[in-house]
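Here the structure is laid out as structure tokens; the discussion comes afterwards.
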Amino acid sequence: MIIFGIETSCDETSAAVVEDGRRLLSNVVASQMEEHARFGGVVPELASRRHVEALLPVFRQALSEAGVTWAEIDAIAVTNRPGLLGALLVGTSAAKALGMALKKPVVPVHHIEAHLYANWLVAPPAPMDGGERGGADYPAVALVVSGGHTDLFHLRGHGDYVLLGRTRDDAAGEAFDKCARLMGLGYPGGPAMQRAAEGGNPKAIAFPRALLPGTHEFSFSGLKTSVRYAMQGENLPSLSDIAASFQEAVVDVLSKKTVAAAKELGVEHVLLAGGVSANTRLREVMQERCDKAGLALFYPPVALCTDNAAMIACAGYWYLQNGRTSSLDFETRASEPL
Ligand code: KG4
Ligand code: ZN
């Protein structure tokens, strides 16, 4: 089964062709990041306009790289929730038009669920940074860490998820973005912070770790305040020391709480998903702690951690396998919990 995936929930216009939920035939991502960087964050109206411009060229490229025609596509999967409403509507309108014209089913996909499904995709060797294993399976504990979410889930099967806890304030990616901005590192903050942290001393500053014992919740607003203070004193620590110490504090909390949840629930698989799971230090520390606890850790290749349509197509495949179909009058929604 060949699925054409479409993703326009934020600032990446992406289309992908995926076979049987695993084989990535193409995954084209047109990023608007540089344009939004001038404003220090995503400007919703600008994002919608750029999606309109980029969509058809990205569709054509995804088809031609995959070497397939519209006639060979079995279904269309599209992100319809959550995200920037105007941006989402560009993708869902196009998907509905395609569905009507081609007389193929259109599957509306939850963006966060698709991030989880990125773990089910086996990446090709190049140009992705392959090497990571496939083989994630249920039951599992999953940490979704993106620009808008820090959610810990108990995954019991396809479409059967229990939210264990989420952030009380900032999402992990938001903390990276806001602190990077405070430090003048630019946007998006996550990759900039990771680069700044290279060579820094992660123990230079003992930033607070909100472990919130007895809960599966997170909080990063106190950490953000501490970074602001660290930037204000005399005898400022080096930016790389602040960055490394900040990153270490975030990674420490995320990994401790995820491993604790997996042990508590008695699952053997731990999954990472979302843009922040591209972070090298998070992957390292998670790996160490999972190894120690006898847990199998899975995370997608870096290119599939941030927003992309391959994960949407993969999710669409599993929706169809599990009978989660929809008529063409489905809604597009800015928010909806998974
Ligand atoms: O999943 P994603 O692409 O979009 C959302 O659905 O939000 O995640 C974007 C977030 C941003 O906050 C970005 O700064 C963060 O992921 N991010 C990273 C890294 N790469 C992206 N955070 C830390 N380290 C990274 N290497
Ligand atoms: Zn995302």
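The values are calculated or read from the model by the stated rules, or taken from the named source; none is laboratory data. Keep in mind the model is a prediction, meaning the values are calculated, not measured. Every residue, glycine among them, receives a Cβ derived from its backbone with ideal geometry; neighbour counts consider all protein chains shown.
Restricting attention to segment 264-281 and to residues that are within 16 Å of ligand 2 (Cβ to nearest atom) and of a type in the set (A, V, I, L, M, F, W, C), the residue that is farthest from Ala196 (Cα to Cα) turns out to be Leu271. Tallying residues that are outside any helix (DSSP H, G or I) and either free of Cβ contacts under 8 Å to residues at least 24 places away in the same chain or more than 14 Å from the chain's Cα centre (by Cα) (or both) within segment 270-285 yields 1.
Surrounded by 14 or more Cβ atoms within 10 Å (Cβ to Cβ), away from ligand 2 (no atom under 13 Å from the Cβ) and part of a loop (DSSP other than H, G, I, E, B), is that true of Thr306? Here the answer is no, as Thr306 does not meet what is asked. Just one of the listed residues (Ser219, Ser226, Ser240) is closer than 21 Å to Arg281 by Cα, away from ligand 1 (no atom under 16 Å from the Cβ) and over 24 Å from the mean Cα position of the chain (by Cα), namely Ser226. The listed residues are Leu163, Leu155, Leu98, and the only one of them that is in a helix (DSSP H, G or I), more than 16 Å from ligand 1 (Cβ to nearest atom) and either modelled with pLDDT of 95 or more or in contact with a Leu (Cβ under 9 Å, 6 or more places away or on another chain) (or both) turns out to be Leu98. Selection within segment 166-203: residues that are touching a strand residue (DSSP E or B) at 6+ places or on another chain (Cβ under 9 Å) and in a helix (DSSP H, G or I). The member of this set that is nearest to ligand 1 (Cβ to nearest atom) is Gly173.
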